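Before any comments, here is the structure.
The values are calculated or read from the model by the stated rules, or taken from the named source; none is laboratory data. For clarity, every value in this text was computed on a predicted model and none was experimentally measured. Ideal geometry is used to build each Cβ from the backbone, glycine not excepted, and the neighbour counts take in all protein chains shown. The protein model used for the area step is the full one, side chains on, heavy atoms only, and it has no ligands, DNA or RNA in it. Shrake-Rupley method; radii C 1.70, N 1.55, O 1.52, S 1.80 Å.
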Amino acid sequence: MQDLNIAFIGAGNMAFSLIKGLLNAGVPPAQLHASDPVAAQLERLEVLGVHTATDNDAVSRGADVVLLAVKPQVLGAVLTPLALHREQLLVSIAAGVPVASLARWTAADQPIVRCMPNTPALLGAGVTAMFANAAVSAAQRDTAMALLGAAGKALWVSDEALLDAVTAVSGSGPAYFFYLMEAMIAAGTALGLDAETATELTLETAYGAALMARQRTSSPAALRVAVTSPGGTTERALSILDAAGTRATIATALTGAAQRAQELAEEFGQS
């Protein structure tokens, strides 16, 4: 990565997080370029030594990698005027825009990687799923892995259609956990805890549970069983969740999210 020039079209929070991750990984700031119409977005990058401009074509010209970090609704209008060449790797983190549309706005043989990151990437704790078209070389796949890995974990999917499932699980996933946290905090205060205590207990419990699950020494199911004593408080709570059809509701919710991701791909891909 240290010998590649990388251009970011769009300098919002996700691009900023990736750029900070790259700098922390030792990529020289002189090799990073960013464009954005908002001056404040560029100013915070200039402080880091990143080259900035308001002209998208100017920053992408000569870059080895061009990363698209703009809203999907405007991606076609942003991408079409760029004079990209076939050796440049195009990486898109714009949600919902399929590779076929990206190729239509560039070239049929343009190397393209489409990504689905999530918001914890802003803290360097994200997870990003990636799909590469047939024009992406092995070296470019390594580059994409290093680039997206700068903000957390990165992994490949073999079928672009799987990105709809990725969107449902990890793209929208942080909101599901926030939703559960909200509900637990509200229930804790209803049981008599003050709001601050209920919040701290909930957040630290969520953090600790995630750390245990991330160790991968036991599956989430095994960890659940380990803390569920027969006839105890946890068993009572889980039996109520099961009786309410919580698992089925979660499955229905994620299916709905995946379906909506597919609808948005069709909508944005026609823009």
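Look at Ala244 and say whether it is under 21 Å from Ala165 (Cβ atoms) and of a type in the set (A, V, I, L, M, F, W, C). Answer is no for this residue. If the condition is being over 14 Å from Ile19 (Cβ atoms), touching a strand residue (DSSP E or B) at 6+ places or on another chain (Cβ under 8 Å) and in contact (Cβ under 8 Å) with a residue 24 or more places away in the chain, then segment 37-60 contributes Asn56, Ser60.
Here Arg216 qualifies as out of contact with any His (no Cβ under 8 Å at 6 or more places or on another chain), part of a loop (DSSP other than H, G, I, E, B) and open to solvent by 70 Å² or more (accessible area, probe 1.4 Å).
Please work out which residue is farthest from Ala237 (Cα to Cα), limiting yourself to segment 172-197 and to residues that are open to solvent by less than 50 Å² (accessible area, probe 1.4 Å) and under 26 Å from the mean Cα position of the chain (by Cα). In this case the residue turns out to be Ser172.
Being closer than 21 Å to Ala258 by Cα and of a type in the set (D, E, K, R) is a condition met by no residue of segment 130-147. Scanning segment 1-36 for residues that are of a type in the set (Gly, Ala, Ser) and within 18 Å of Leu122 (Cβ to Cβ) gives Gly10, Ala11, Gly12, Ala15, Ser17, Gly21, Ala25, Ala34. Scan segment 107-143 residue by residue and report those that are out of contact with any Lys or Arg (no Cβ under 9 Å at 6 or more places or on another chain), among the small types (Gly, Ala, Ser) and either closer than 30 Å to Ala175 by Cβ or crowded, with 16+ Cβ neighbours inside 10 Å (or both). Correct list: Ala121, Ala129. Per the conditions (1) under 22 Å from the mean Cα position of the chain (by Cα); (2) farther than 30 Å from Arg104 by Cβ, the sole criterion not satisfied by Ala237 is (1). When the criteria are applied in full, Val27 fails the requirement of being under 23 Å from the mean Cα position of the chain (by Cα) and either within 30 Å of Asp164 (Cβ to Cβ) or buried (at least 24 other Cβ atoms within 10 Å of the Cβ) (or both). Among the residues of segment 51-58, is any open to solvent by 40 Å² or more (accessible area, probe 1.4 Å), closer than 22 Å to Leu79 by Cβ and of a type in the set (A, V, I, L, M, F, W, C)? There is at least one residue in segment 51-58 that is open to solvent by 40 Å² or more (accessible area, probe 1.4 Å), closer than 22 Å to Leu79 by Cβ and of a type in the set (A, V, I, L, M, F, W, C).
Here is a yes/no grid of residues against (1) at pLDDT 95 or above; (2) assigned to a loop (DSSP other than H, G, I, E, B); (3) open to solvent by 90 Å² or more (accessible area, probe 1.4 Å):
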{"position": "Leu223", "(1), (2), (3)": "yes, no, no"}
{"position": "Ser229", "(1), (2), (3)": "yes, yes, no"}
{"position": "Glu235", "(1), (2), (3)": "yes, no, no"}
{"position": "Ser239", "(1), (2), (3)": "yes, no, no"}
{"position": "Asp242", "(1), (2), (3)": "yes, no, yes"}
{"position": "Arg247", "(1), (2), (3)": "yes, no, yes"}
{"position": "Ala251", "(1), (2), (3)": "yes, no, no"}
{"position": "Ala257", "(1), (2), (3)": "yes, no, no"}
{"position": "Ala261", "(1), (2), (3)": "no, no, no"}
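Residues that are under 19 Å from the mean Cα position of the chain (by Cα) and polar (S, T, N, Q) within segment 256-271 comprise Gln259, Gln262, listed in sequence order.
Quick check on Leu84: is it surrounded by 14 or more Cβ atoms within 10 Å (Cβ to Cβ), of a type in the set (A, V, I, L, M, F, W, C) and not in a loop (DSSP other than H, G, I, E, B)? Answer is no for this residue. Only one of the numbered conditions (1) more than 17 Å from Asp55 (Cα to Cα); (2) surrounded by fewer than 22 Cβ atoms within 10 Å (Cβ to Cβ); (3) in contact with a helix residue (DSSP H, G or I) (Cβ under 6 Å, 6 or more places away or on another chain) is violated by Arg104, and that is (3). Within segment 142-159, the set of residues being among the aliphatic types (A, V, I, L, M) and within 16 Å of Val66 (Cα to Cα) comprises Ala144, Met145, Ala146, Leu147, Leu148, Ala150.
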